[in-house]
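Asker: Encoded as C-alpha cells, here's the structure I'll be asking about.
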Amino acid sequence: MIVSGVLLVADDDNQRCTLRNGTLKVSEGIITEIHWDEVTPSADFGGPGCLITPGMIDAHLHLPQFPIIGAFGLPLLDWLRQHTFPAEMKWHDVDYARGVTQAAVEDLLRVGTVGIAAYATVHHEGTKAAMQVVDQAGMFGVVGQVLMDQNGPAGLLREIGSLIDNASSLCQDFEANDFVRHAITPRFAITCSMELMQQAAKIAKSFNSHVQTHLSENTDECKEVERLFGMTYVDVYDQAGLLGPRSLLGHGIHLDGKDCQRLSERSSIIAHCPTANRFLNSGSMNAATLHQHQVSIALGSDIGAGYERSMVRVAREAVLNAMQVAGGALSCDQMWYHITAGNAAKIGHPHCARIAESCPANLVIWQPSIEWMIHPTNEPTDRRLDTLMFNWDDRWWRRTLLQRGSKNQVTFI
Ligand code: GUN
Ligand code: ZN
C-alpha cells in the first residue's frame, strides 16, 4: 500500500512536529519505507494536495459523557451532580454502554483520533463492553472502570472490596492485549476514600497499569478535598501512592510551586484539558509554571465537559490559553507533537502515532482547502503548522487507517 502527501513528522529532540513531503510504503500494517520529498499521484491513499498525519491521541476523555456534551452553565460540582452522574447511571444497562461507546468511537475515528485514555463508569460489565468495542474498532490505549465509594449518588457508589476485585480482574483480562489495557481510575479525591485509593494504587503497581484521576480542577473542589482529608490535594494522592510516571492527572489548574515540585519528583503527567476548563469556567492551567518545574503535560478533550472531539481543536485552545496566561508558552508545532507522538508515549504506545520506518501505519488522510496545500510554492514554510491548526476544518477528513500488527489486520474507516 502506498500513502503519499505532505507528512506530519515528529522531531523528538525538540518535541515538535515538522512538515515534509513524502511517500510511504506500508507492508502488513507497518511503514517499511519512506521516500522523502516525493509525492506521487498514483498513491493508494493521499497524493498531491493531501496532508498525512499520524492518528491522533486523546489523553483524557469520558466515554459515557458523549451524550451530555454541551450541558452548559454550571460549575464542576453542580455539573457533575445534575448532568454527569445521571448520564453515567445509565451504564448499568450493558447494551446502552456498548451503544454509547460504539457511537463515540465512530465520532473519534472521523476526527482522526485513534488512541485514547478514557474513563468508563463504575459499572463493571459496561466497562468491559466499552473496552471490547474500543479494541474491536482497532483503536488503542487505556480505559478504566471508575472507582467511587463516597460522596456520590447511591447508584454510583460501591463497596471497596468489589471495586478492587473488578479493577484487578479487568487488569488481568486485558493484560495480554497489546492494544487496549485497563487503567486504574479513582474518579477524584472527593468520591474516593483513602482506603479505596490506597488499594487502587497497589493494583496499579502490581499490574504496572496507568492511573487516571482528576486533580485541582476547580477551587470549590480543592477546598472540599482539603476539608475531607485535612491535607492538600496533591498530598492526598501522594499519601495514597497514586503518583507515579504512569499517572495521568486531569486538569491540574490550581497548583502552587510545592505541588508542582512533588508532581515533578513523581514524574506524574498533567492531562491538560483546555476546552473543558473553559466550558466549566474552572480556571486556566499555567503551562509556563508546569514547564518551570519540569512537569510534563499531555492533552485531553475531556469530553463531555470538553465540547471538542477533534484533538486539533483542543490543541488550538491550548495554544490560545497559553498565550493568555503563560506568555505564549505553547506553540502550534509543539502541540502537533503533543496530540500525536507525545500523547502516544504518555498513554503507553510510543510508536503508534508517528510517521517513521518500522512504526505501525496508523494514519489519517486529510485534504485541506488552504492555498499553500492546493498550489504548493517554494515560499518559506515555517508558519505552515500555525496556519493548518487555525484553519482546521473537520470536513478535510478523508480516511483513518488503523493497523493491528501481529494480527495483520488493516482497518479503514
Ligand atoms: N472531576 C471528577 N469527575 C469529573 C468529570 O467527569 N469531569 C471533569 N471535568 N472533572 C471531574
Ligand atoms: Zn475528566
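Asker: Around ILE303, which amide H atoms from residues at least 5 apart in sequence, or from another chain, sit under 5 Å from its own amide H, with H modelled in the peptide plane?
Answerer: It is HIS62, by chain and number.
Asker: How far apart, in nanometres, would the label points at TRP36 and GLU106 be if each is projected 7 angstrom from Cα along the Cα-to-Cβ direction?
Answerer: Rounded to a tenth, the inter-label distance reads 4.1 nm.
Asker: Relative contact order for the stretch 262-303: what percent, with Cα pairs under 8 Å and sequence separation of 6 or more?
Answerer: 57 percent
Asker: Continuing with this model, one more query. Which order do peptides 323-334, 176-187 fall in by mean Cβ count within 10 Å, highest first? Numbers along the way, then the final one.
Answerer: On the way: 323-334: 16.4, 176-187: 22.2.
My ranking of the peptides, most packed first, is 176-187, 323-334.
Asker: A follow-up question, please. Relative contact order (percent) for the stretch 208-291, with alpha-carbon contacts under 8 angstrom and 6 or more residues of separation?
Answerer: Details: 113 pairs, mean separation 27.6, N = 84.
Value for the stretch 208-291: 33 percent.
Asker: Express in whole angstrom the spacing between the alpha-carbon centres of the stretch 204-272 and the stretch 306-362.
Answerer: Result: 22 Å between the Cα centres.
Asker: Then there's this: With labels modelled as points extended 7 Å from the Cα through the Cβ direction, what inter-label distance (nm, one decimal) is found for GLN324 paired with LYS258?
Answerer: 3.0 nm
Asker: Stretch ARG398-LEU77 to full length: gain in nm at 0.36 nm per residue minus the Cα-Cα span? The partial results should precede the final answer.
Answerer: On the way: separation 321, 0.36 × 321 = 115.56 nm, distance 3.90 nm.
Stretched out fully, the ARG398 to LEU77 stretch lengthens by 111.7 nm.
Asker: Rounded if a/c is under 1.5, else prolate if a/b is larger than b/c, else oblate: which is the stretch 47-108, with a ≥ b ≥ c the root eigenvalues of its Cα gyration tensor? Present the calculation step by step, with values, prior to reporting the outcome.
Answerer: On the way: a/c = 3.30, a/b = 1.75, b/c = 1.88.
Cα axes put the stretch 47-108 in the oblate bin.
Asker: In the structure shown, do any of LYS128/LYS223; LYS202/LYS346; LYS202/LYS258; LYS25/LYS346 have a Cα-Cα gap over 29 Å, and if so which? Display every interim value, and only then the final one.
Answerer: Numbers: LYS128/LYS223 34 Å; LYS202/LYS346 20 Å; LYS202/LYS258 25 Å; LYS25/LYS346 27 Å.
As for pairs spanning more than 29 Å Cα to Cα, those are LYS128/LYS223.
Asker: Output wanted: per-residue J couplings in Hz (rounded whole) for the stretch 64-69, from phi through Karplus 6.51 cos²θ - 1.76 cosθ + 1.60, θ = phi - 60°, x for Gly and Pro.
Answerer: x, 9, 4, x, 10, 4
Asker: Rounded if a/c is under 1.5, else prolate if a/b beats b/c, else oblate: with a ≥ b ≥ c from the C-alpha gyration tensor eigenvalues square-rooted, which is the stretch 60-208? Present the calculation step by step, with values, prior to reporting the outcome.
Answerer: On the way: a/c = 1.73, a/b = 1.03, b/c = 1.67.
Judged from the Cα gyration tensor, the stretch 60-208 comes out oblate (a/c at least 1.5, b/c at or above a/b).
Asker: Quick one: grab the alpha carbon gyration tensor of the chain, order the square roots of its eigenvalues as a ≥ b ≥ c, and give me rounded if a/c is under 1.5, else prolate or oblate depending on whether a/b is larger than b/c. Before the final figure, lay out the partial values.
Answerer: Details: a/c = 1.90, a/b = 1.49, b/c = 1.27.
It comes out prolate by the Cα gyration axes.
Asker: Pop out the ³J(HN,Hα) list for the stretch 179-196 in order, Karplus 6.51 cos²θ - 1.76 cosθ + 1.60 with θ = phi - 60°, rounded to Hz; leave Gly and Pro as x.
Answerer: Each residue of the stretch 179-196 in turn: 10, 10, 10, 8, 9, 6, 10, x, 4, 6, 4, 4, 9, 10, 6, 4, 4, 4 Hz.
Asker: Could you run the Karplus curve 6.51 cos²θ - 1.76 cosθ + 1.60 with θ = phi - 60° over the stretch 345-356 and give me ³J(HN,Hα) per residue in whole Hz, x for Gly and Pro?
Answerer: 4, 6, 9, x, 10, x, 9, 7, 9, 8, 9, 7
Asker: Here is a follow-up. Kindly express, to the nearest 10 degrees and within the range 0 to 90, the angle between helix 124-136's C-alpha long axis and the longest C-alpha principal axis of the chain.
Answerer: 10 degrees
Asker: So for each of 367-376, 133-142, 291-300, 266-275 I average, over its residues, the number of other beta carbons within 10 Å; can you give me the resulting order with the highest mean first?
Answerer: Working: 367-376: 14.2, 133-142: 22.9, 291-300: 20.5, 266-275: 25.3.
My ranking of the peptides, most packed first, is 266-275, 133-142, 291-300, 367-376.
Asker: Rounded to the nearest 0.05, what FRET efficiency is calculated for ASN14 and LYS223 with R0 set to 25 Å and r the Cβ-Cβ distance?
Answerer: Numbers: r = 40 Å, r/R0 = 1.59.
Working from the Cβ atoms, E equals 0.05.
Computed from the coordinates by the stated procedures, all read-outs in this text should not be read as laboratory data. The shown structure was predicted, so the numbers you read here are calculated from the model rather than taken from an experiment. For neighbour counting, all protein chains shown are included, and Cβ atoms are generated from backbone atoms with ideal geometry for every residue, glycine included.
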